[in-house]
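The next block holds one structure in the form of structure tokens; read it before the comments.
The values are calculated or read from the model by the stated rules, or taken from the named source; none is laboratory data. Just so you know, these numbers come straight off a predicted model, no measurement behind them. Cβ placement follows ideal geometry from the backbone for every residue including glycine, while neighbour counts extend to all protein chains displayed. Just the protein is used for accessible areas: all its heavy atoms, side chains included, with ligands, DNA and RNA removed. Shrake-Rupley method; radii C 1.70, N 1.55, O 1.52, S 1.80 Å.
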Amino acid sequence: MSRRIALSVAAGVLALGGAGAFALAHAGEQPLALAHSDARYTAPEGDRDGSLTFATDVTASSGVKSVKVLAWPENSSLAKEELTTKDMATAESAVCKPAGQETVRCTYTTRITGSDAESSPRGAWHVAVLATAQDGTTTLDTKAAGFTRR
């Protein structure tokens, strides 16, 4: 093999190797993301309380610090004014458990009494979620899931 061809091949191998290392380094840096969000509402009946259960998968390469959850009726002022991370600061926290290498499964459940149901609007509701990663990045999904209160 001539010296010129050998140098070209060596340069090509170095370039491909460098590009591969760059791709692998960035593959590990997953942005904070929500997936598979679901809400289940069970109305109270008679002496039995109902419940609202929300679950979502959260992925972050730096780890998940917290997940806040807020259910809100579609026909409220929140529909006109977009929720912000500041609004979510006082929302209730979900409980998160490992579900993979960089993923946690977060669940929020609250009891719904008969008086709670009577005082809340009927119709479409949304569940907003604020996830915060260990590195401080956040993601807010104001309509991560929904349910209907009849």
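Can you list which of the trypsin sites (Lys or Arg not before Pro) found in the stretch 69-126 are DSSP loop residues with at most 15 other C-beta atoms within 10 Å?
In loop regions of the stretch 69-126 (DSSP not H, G, I, E or B), the sparsely surrounded trypsin sites (Lys or Arg not before Pro) are ARG122.
How much of GLU81 can a 1.4 Å solvent probe reach, expressed as accessible area in Å² and rounded to 10?
120
What figure, in Å² to the nearest 10, do you get for the accessible area of VAL69 with a 1.4 Å probe and non-protein molecules left out?
10
Any idea of the accessible area per residue across the stretch 64-150, 1.4 Å probe, to the nearest Å²?
Result: 60 Å² per residue.
What do you get when you divide the Cα radius of gyration of the stretch 32-150 by 2.2 N^0.38 Å, with N the number of residues?
Working: Rg = 14.7 Å, N = 119, 2.2 N^0.38 = 13.5 Å.
Relative to the rule-of-thumb radius for its length, the stretch 32-150 sits at 1.09.
Per q in 0.25 Å⁻¹, report the Debye log10 I(q)/I(0) for the stretch 90-150, using one uniform scatterer on each alpha carbon and no solvent.
Normalising to I(0) and taking log10 leaves -1.25.
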